[in-house]
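Have a look at the structure below, then the notes.
The values are calculated or read from the model by the stated rules, or taken from the named source; none is laboratory data. Keep in mind it's a predicted model, so treat the numbers as computed, not measured. Cβ coordinates were reconstructed from backbone atoms using ideal geometry, including for glycine residues, and neighbour counts include every protein chain displayed. The accessibility values were calculated without ligands, DNA or RNA, using every heavy atom of the protein model including side chains. Shrake-Rupley method; radii C 1.70, N 1.55, O 1.52, S 1.80 Å.
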Amino acid sequence: MKHLLTTADLDAAAISALLDLTDTMAEIGSRPVPKVPALRGRTVAQVFFEDSTRTRLSFDTAAKRLSADTLTFTASSSSLNKGESLRDTIETLSAMGVDAFVVRHRSSGVPLAVSNWTHASVVNAGDGWHQHPTQALLDAHTITRSLGAGNSLSGVHVAIVGDVAHSRVARSDVDVFLKLGAQVTVVAPRTLVPGSWFGRGDVRFTESLDEVIGDVDVLYMLRLQKERMASGLIPGGDEYSVRFGLDDRRAALLRGTALVLHPGPMNRGVEMVVDPACLPGSRILVQVATGVAVRMAVLFSLLGHSGESVDASVEAGGADR
Ligand code: CP
């Protein structure tokens, strides 16, 4: 694997291999000194043109736990403000000896464009409404490990609730969940579902959260992305929360074993009305913790020394502790 640009590049076997590698990386993360030399001598550049807390900091932590050197590019204080182009910026950083770019941008397709301007590996850390592949991997890991069903989601009913139209997370998650065998239901106002999705036969659609909430194994709440939304797509006032929010009444309808996930950042009082800390099935902070291990697995898969197994690298790391 040279790049990770979209989940479309990953089949079920590749997803499973990354989930298994994530287990290894999580074990490293649980050690008293959570650091191995697997990527010593490699340089990872974080190039974020859009705000981030979880993804940026977890990639940074992941790279450091693997002993890579890190560069953090801050668009707001860069020569972009003097008119330098995105391409010249990438070529400039490449000339400094970058081995992998982790790219977030508000426009779909920028990570793919970056991959054409550099010999380094490129990881998509979220581009517009398009894709967020490492989010889907960490979500799949969180769900499969919580359910204890290996890497399969066969027979698992996942409801994805809310603003699917503007969500790169939903596009990546649905792709990965279906490849692992899940049954997926989208719960959303029709105006917040991509038009082409109504014709697909692999995802069920409903506008009634109450109709499905008692039947799901996983409730995946999406952030309402008002910053990406044309006005008039959703009812005003509190109506969105009343129809699609997870409140106390709906939380009481969940099965006792149901998991609740959210990619963050949450809109409290909008899609997440209940305090998630009060939900026994909440895995929201597990998602955050898993994000570090998943990103370690992805960086190691892209940059690990060819021919060297992860076990050998981890063994070397163990000796280094
Ligand atoms: N889930 C997610 O991508 O969060 P950030 O925007 O904080 O990175």
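Just a few scattered comments:
- Fraction of accessible area attributable to carbon and sulfur, the chain (%, probe 1.4 Å): 51 percent
- Note that the stretch 1-134, at 37 °C in a medium of 0.692 mPa s, gets a Stokes-Einstein diffusion coefficient of 211 µm²/s from its Kirkwood radius over C-alpha pairs.
- Most mobile listed residue (Ser79, Ser241, Ser16) in the chain, GNM with C-alpha springs under 10 Å: Ser79
- Per residue solvent-accessible surface (Å²) - the stretch 108-259, probe of 1.4 Å: 36 Å²
- Expressed to the nearest 5 percent, the antiparallel share of DSSP beta bridges inside the stretch 1-134 is 5 percent.
- Spin-label model distance (nm) - Asp247 vs Leu80, 7 Å beyond Cα toward Cβ: 4.0 nm
- All Cα-Cα separations within the chain were binned at 20 Å from zero, giving a P(r) of 32, 56, 12, each value a whole percent of the pairs.
- To the nearest ten degrees, helix 86-95 and the longest principal axis of the Cα atoms of the chain are 40 degrees apart.
- Gain upon complete extension [Ala289, Thr53; 0.36 nm per residue less C-alpha separation]: 83.7 nm
- Percent antiparallel among DSSP beta bridges (both partners in the chain, rounded to 5): 5 percent
- FRET efficiency for the pair Leu147 and Arg268, taken as 1/(1 + (r/R0)^6) with r the Cβ-Cβ distance and R0 = 30 Å, rounds to 0.65.
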